[in-house]
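Novice: A single structure is presented below for examination.
Nothing in this text is a laboratory measurement; each read-out follows from the coordinates by a stated rule. Everything quoted here is computed from the prediction, not taken from an experiment. For neighbour counting, all protein chains shown are included, and Cβ atoms are generated from backbone atoms with ideal geometry for every residue, glycine included.
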């Protein structure tokens, strides 16, 4: 699997000065079993409607935008997190079925399940007696 990091312009609220800011690469754990692979990405602050997962042939691109809700009438004086966009891309092998990808977002962890194609999964062969 390979990763790509991109840059995009920051959008400061009160400045006309445009800076280029790196996109955050969320940490990921990847697990494989007989039925496929599971990716668990840490994406705190990202809501379900702000996640984008695209699969095209052997590429999987996962993006998300963090949205920190500020109470009405308040403004952040200091913020440690400046980039609000997550992005990871992966190259998938041909044995995976990108048509059946499932994703779940719980407590800031995005879990993406990519199953193996049915014909490539291990199967048990029944032995018959005659």
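Novice: Relative to the present Cα-Cα distance, how much length would full extension add between residue 68 and residue 30 at 0.36 nm per residue of separation?
Specialist: 10.9 nm
Novice: So for 43, 70, fewest C-beta neighbours within 10 Å to most, what's the order?
Specialist: The order, fewest Cβ neighbours first, is 70, 43.
Novice: Tell me, 88, 117, 50, 123 in order of fewest to most beta-carbon neighbours within 10 Å?
Specialist: 123, 117, 50, 88
Novice: Please order 128, 48, 100, 116 by the number of other Cβ within 10 Å, starting at the fewest.
Specialist: 128, 48, 100, 116
Novice: For the stretch 47-90, just list the percent of Cα-Cα distances falling in each 10 Å bin from zero outward, please.
Specialist: 22, 39, 25, 11, 3
Novice: Distance in nm between label sites at residue 118 and residue 95, each 7 Å beyond Cα in the beta-carbon direction?
Specialist: 1.9
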